[in-house]
Amino acid sequence: MVSSNNAPESKGFVSPTVNDTNAQATDGSSGAAPTRSVAATAAPSADSAPEIIAESPRAASPVHSEKLAANLNVKGKAGHAVIDQRQTIPTTGKRRHTTKWEYITFCLFYFSLNGAPIGNNGGGLRQALVNMKYPDGYLTWGGEYIPINAMLLRVQGVMFAAQLVTLMILGPYADYGNWRPWIMIVGQVLLYICQFSLCGISQPDQWEAAQALFVVGSLAANVVNSFYAATFPSIVRDLPKLIESEERVKAGTESPENHSKLDEYERAKLYNLNNMTGSYVVAVVYAIAVGMIAGIGYTTNEQKITSFRAALGYFGFMTVAFTVPFFILHKHRPGQQLPSGTGWLTAGPKQVWSAAKSAKKLKQVMLYLLAYFLLNETWGTYWAVTGIIQNDVIHYSPLMLNAFSLTADLCGGTGHLLLLILQKRFRFSVKQGVMFGAVMTLIPQLWGGIGRFTTKVGFHNEWEFWLVQAWNITTAAWGGYNVTMISEVVPGPKSYMFFALFNCVGKTSGFVGPFITAAIIQADGGKNNGAYWFLLGTGLLGLLTLYFVDTDQAKIDSAAYLAREAEEMYSEEQRAAAKHNLEESSPGTTTPMTPAGVSTAEMQDSEKASTAVEHPVGTNAVGQSKC
């Protein structure tokens, strides 16, 4: 958005136009004026009359002005809160800037999350083996004689329960010190081992070994997934452009709202780039895999098993190739210091207790946690159920399975590319992106539910599985924004604990959902489609909860929570040393902030603040503003 060329120059923080809340601080003569909080500009002192910036043919209504001021007040505080969070908790070292190649290899690493064969070819191999072992479709498992599909869903539930315990143990400790990259390294090595070990399994009697490797490999992959997601906010916030923006806010030459918008946009951009890169790279790799499998053959059981094993070896090699470079270039960034008088054994539980005590004051985090749980319940279990039905319909064909994956990744990558273009053009918020994605995930649930009453549609035909892969072009918004939304609402220095919490909740839904859907399928005489109605209802409830999440308030709440913890758990010496490290790693004017998200300089200057009366049609705002 371009400011009016005919507007008079003015010093101070400027009111935005009607269509833009991201005002810039400007100076019409010599340098920029210090950034002032909206609280200061909206409430001038008695001895300082408001300055009218632009004349208007009609005055703005008092109600409209009050609402605008209230909205800007929240956004101003939220903008400061983004910066406050970084400098509140003492860290173990100086800030480490993100390099170009670290950024690029971080994107390439996503191949492992998006294309690891442990979930596709590994899952297909174990399912083919168990069906060869029990051709009637039933087996005795856990003391019960149940359908194979019900057993597979229960194993999924057990697997997610194990992931829940692992993440609950690791998460609270990962925010301390510089050791957390080793969690990803160890998890990824376990995944390599399981991928290559599955290549040695070929007989139906080995289905239990295949299942064990599948479970361990999936556990390792999900731990890596959780901590990879927790890494990306720091990759973004240590970009030179973000650091420079922070310094401009501290120097008073940029509004905190603009910095907050840049921070939000760059986080969304990186995670969409991850998904897009991962999808397109995986599509190329899958195209080669499809050709390889076609050459081996896939009509007999023996050919299917051979094709799965060959694909596992091929994808295992590619996983190593795309992940090792990031481990070499990844900087071990500083984490939190241990609080004064706290040892390593008690640091994790203390951090969890501190967060639990503040749960009521982190309402937006809790609200999104609930929405995330419900929507993950829907989406994760949907793929578990649909994957089982799909394998039955295509008769466990490794060629079809990899062709479906190729289609899904091409469409998903295209969806993320479109999101990158649209967000760059329109700068819609992360919440708007995740809302759209959530709606798109519910449509396949309805489609599958219809299949309970008819065989014409509802995942009974091969063409429907081609369609559901293509639908990834719309559901890409959920994959691209649901993780970014976590970073919107959680306290920045606590990313690993809170990302582990969200991942635990996601795995809890993966634990609950498969057991409930397995019970529904069993009670319905082995008919899978009845489970989709449960998933649809759960997803609609999650969508309603998501609607009420306020990301601006979440940032303000997080800054206040961190300020309280720093005061309660860290000594004055630790806080002083942390401030020194911050100033050395980010040289420039450092403006101390209050927990409310307003700088102390602004509080001292508030009596001199002037207000700007907005033109009702938004054409005479002074200064620059960005959409």
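Observations on the structure shown:
- 2 or more residues at pLDDT below 90, closer than 30 Å to Gln163 by Cβ and of a type in the set (D, E, K, R): qualifying helices (runs of 4 or more DSSP H) within the range 185-300: none
- In the range 173-184, the residues that are free of Cβ contacts under 8 Å to residues at least 60 places away in the same chain form Cβ pairs under 7 Å with partners that are assigned to a helix (DSSP H, G or I), at six or more places apart or across chains, as follows: Ile183/Leu170; Ile183/Ala174; Ile183/Val223; Ile183/Phe227.
Conditions (1) under 24 Å from Arg237 (Cβ atoms); (2) within 22 Å of the chain's Cα centre (by Cα); (3) small (Gly, Ala, Ser), marked per residue:
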residue	(1), (2), (3)
Leu312	no, no, no
Gly316	no, no, yes
Phe322	no, yes, no
Leu329	yes, no, no
Val393	no, no, no
Gly413	no, yes, yes
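- Residue match in the range 355-366 (condition: over 23 Å from the mean Cα position of the chain (by Cα), surrounded by 15 or more Cβ atoms within 10 Å (Cβ to Cβ) and of a type outside the set (Ser, Thr, Tyr)): no
- The condition of being part of a helix (DSSP H, G or I), modelled with pLDDT of 75 or more and over 30 Å from Leu446 (Cβ atoms) holds for only one of Glu573, Glu583, that being Glu573.
- Residue match in the range 508-516 (condition: surrounded by 24 or more Cβ atoms within 10 Å (Cβ to Cβ) and not in a helix (DSSP H, G or I)): no
Here is a yes/no grid of residues against (1) farther than 24 Å from Ile201 by Cα; (2) surrounded by fewer than 19 Cβ atoms within 10 Å (Cβ to Cβ):
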residue: Glu247; (1), (2): yes, yes
residue: His259; (1), (2): yes, no
residue: Tyr271; (1), (2): yes, no
residue: Leu312; (1), (2): no, no
residue: Thr319; (1), (2): no, no
residue: Phe322; (1), (2): yes, no
residue: His332; (1), (2): yes, yes
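- Any hit, the range 128-142, residues being in contact with a His (Cβ under 9 Å, 6 or more places away or on another chain), within 30 Å of Gln469 (Cβ to Cβ) and assigned to a helix (DSSP H, G or I): no
- Flag for Ser487 being on the phi < 0 side of the Ramachandran plot, modelled with pLDDT of 95 or more and crowded, with 23+ Cβ neighbours inside 10 Å: yes
- Unique residue being of a type outside the set (D, E, K, R) and under 30 Å from Asn178 (Cα atoms) when the list is Gly448, Gly530, Gly506: Gly506
- Within the set Val352, Val385, the sole residue that is farther than 30 Å from Ile148 by Cα and modelled with pLDDT under 95 turns out to be Val352.
- Top-ranked residue of the range 316-357 - restricted to ones that are of a type in the set (Val, Ile, Thr) and not in a loop (DSSP other than H, G, I, E, B), ranked as farthest from Val281 (Cα to Cα): Thr346
- Flag for Thr407 being modelled with pLDDT of 95 or more and closer than 26 Å to Leu270 by Cα: no
- Of the helices (runs of 4 or more DSSP H) lying entirely inside the range 362-472, the ones with 1 or more residues being touching a His at 6+ places or on another chain (Cβ under 9 Å) are found at 363-393.
For every residue, the table says whether it meets (1) without any contact (Cβ under 8 Å) to a residue 60 or more places away in the chain; (2) of a type in the set (A, V, I, L, M, F, W, C); (3) in contact with a helix residue (DSSP H, G or I) (Cβ under 6 Å, 6 or more places away or on another chain).
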site	(1), (2), (3)
Gly297	yes, no, yes
Glu302	yes, no, no
Thr306	no, no, yes
Gly313	no, no, no
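The values are calculated or read from the model by the stated rules, or taken from the named source; none is laboratory data. This one's a predicted model, so the numbers in the text were calculated from it and none came from an experiment. Here the Cβ is made from the backbone with ideal geometry for all residues, glycine too, and neighbour counts use every protein chain on show.
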